[in-house]
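Data block below; observations after.
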Amino acid sequence: MLDKWGRSIDYLRVSLTNKCNMRCLYCRPASGDKTVLQTAKPEELLYLLSIFIEAGIKKIRLTGGEPLLFPGIIDFIKHIAILPKLEKIAMTTNGILLQQYSESLIKSGLGSINVSIDALTPSVFAAITRGADINKVIAGINSVCKYIPVKVNSVIIKGLNEQEIIPLVDFSREYNIAVRFIELMPFSQTKTYEGISEAQIKAVISSKYGKLYAEKDDASTAHYYSFADKRGKVGFISAMSHKFCSSCNRIRLMADGSLRPCLYSDAEYNLKDMLEKNYPREKIAAAVKEIIYEKPAQHAMQKKIFFNVKHKFMSEIGG
């Protein structure tokens with residue numbers, strides 16, 4: 001599917017639920033959260049996903065909240081895996097339940113897993129997540145990494161976890177996986193925090209490991225660097241300082257059944273309403289193509305407007 005700017009849109013991120021078993025500082029408030037918990041219905045989702053795939057979606061990433069809290073998650077993945085023309089299913093998880101589901105996930109058809117880890121020091125991790133145990137996450141990675149490709153996603157925040165940069169890189173080299181540093185984005189819950197720039201993080205890494213070698217750009221949102229010994233890999237997703245809108249190939253389906261063409265935009269389109277009103281399949285497909293065609297040319301995150309987005313917390317959008 002092409003949008004009006006000539007971009008090929010073939011990647012769908014699906015927020016299965018906005019429920020999460022963590023309360024990370026930059027993602028959700030400690031208390032007083034008035035977010036209405038929403039979980040998509042599996043049968044409705046599968047129907048919509050089949051329409052998206054027929055229209056040209058080749059990769060699906062399951063997100064949340066926390067996707068492993070989605071009822072019947074393993075059977076759901078298995079059903080997606082047999083949909084014709086789909087090339088890859090991936091998942092982004094906080095990793096707390098990863099070991100519990102590891103054996104089933106390995107057999108499910110899941111193609112890759114991204115695990116969100118902002119600190120490896122137990123006390124720092126517990127502070128950021130408001131009480132979670134990093135050892136559970138590491139055990140989860142150990143249980144799947146030999147069978148399913150794993151990447152680590154990290155958000156570095158000034159005065160909070162800057163000291164975790166080198167340990168995270170060391171971890172990636174120990175496991176020979178990629179760690180990706182994601183730039184802090186201006187959502188409601190992040191307004192009191194200041195991110196660390198890509199240049200600053202690279203300088204810290206180079207101070208220990210020397211020159212980083214840029215890898216060939218594959219038009220991904222992340223750009224990667226390798227080390228002289230080719231052990232491990234460092235990636236950066238810098239939506240603000242290194243805007244990648246011109247090559248963006250993704251859209252988001254929310255847990256409430258709405259389709260969001262751009263992460264940082266108020267534009268949402270209610271597909272669930274079309275299902276409830278029994279719109280014919282071809283009409284839903286036509287609506288999807290029209291929505292994708294009108295995908296915005298670029299986001300406006302540089303303006304740092306914190307309150308103009310309908311879904312104010314990252315946990316509602318799925319990252």
Q. If you add up the charges near residue 47, with Lys and Arg at +1 and Asp and Glu at -1, over every other residue whose beta carbon is less than 15 angstrom from its beta carbon, what do you get?
A. -1
Q: Based on other C-beta atoms within 10 Å, arrange 174, 183 from fewest to most.
A: 174, 183
Q. For the stretch 18-108, what's the relative contact order in percent, using C-alpha pairs closer than 8 Å and at least 6 residues apart?
A. 33 percent
Q. What is the fewest-to-most order of 108, 31 by other Cβ atoms lying within 10 Å of their Cβ?
A. 31, 108
Q. For the stretch 6-104, what's the radius of gyration and Dmax over Cα atoms, in angstrom?
A. 14.7, 44
Q) How large is the Kirkwood hydrodynamic radius of the stretch 58-149, in angstrom, based on all distinct alpha carbon pairs? A) 13.7 Å
Q. Can you give the translational diffusion coefficient of the stretch 109-245 in µm²/s, computed by Stokes-Einstein from the Kirkwood radius over Cα pairs at 10 °C and 1.306 mPa s?
A. 102 µm²/s
**Q.** Contact order normalised by residue count of the stretch 11-314, Cα under 8 Å, 6+ apart, percent
**A.** 18 percent
Q. Which of the chymotrypsin sites (Phe, Trp or Tyr not before Pro) across the stretch 1-50 are loop residues per DSSP, with 12 or fewer other Cβ within 10 Å?
A. none
Q. Between residue 146 and residue 206, how many nm apart are label points set 7 Å from Cα along the C-beta direction?
A. 3.8 nm
(Q) Hydropathy at least 0.5 by Kyte-Doolittle, axial extent at least 15 angstrom from the Cα trace: which helices of the chain, defined as entire DSSP H runs, fit? (A) 42-55, 134-144
Q) PRE reach from residue 136 (point 7 Å along Cα→Cβ): which of the stretch 67-84 fall under 13 Å by backbone N? A) 68-69
Q: Please go through the residue pairs 78/230; 59/208; 146/243; 158/243; 58/202 and name each one whose alpha carbons sit more than 25 Å apart in this structure.
A: 78/230; 59/208; 146/243; 58/202
Q: Express the Stokes-Einstein translational diffusion coefficient of the chain in µm² s⁻¹, to the nearest whole number, given a Kirkwood radius over alpha-carbon pairs, 4 °C and a viscosity of 1.567 mPa s.
A: 64 µm²/s
Q | Evaluated over the stretch 184-285, the Cα radius of gyration and Dmax, each in Å | A | 19.4, 60
Q. If we count other beta carbons within 10 Å of each Cβ, what is the order of 121, 39, 192, fewest first?
A. 192, 121, 39
Q: Sort by residue number and report every cysteine in the chain with no other cysteine beta carbon within a distance under 4.7 Å.
A: 20, 145, 245, 248, 262
Q | Three principal axis lengths of the stretch 87-139 [C-alpha, angstrom, descending] | A | 38, 20, 14
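We did not get these values from a lab; they are worked out from the coordinates using the rules stated. Because the structure is predicted, anything quoted here is derived from the model rather than measured. Counting neighbours? That spans all protein chains shown, and the Cβs are built from the backbone with ideal geometry, glycine included.
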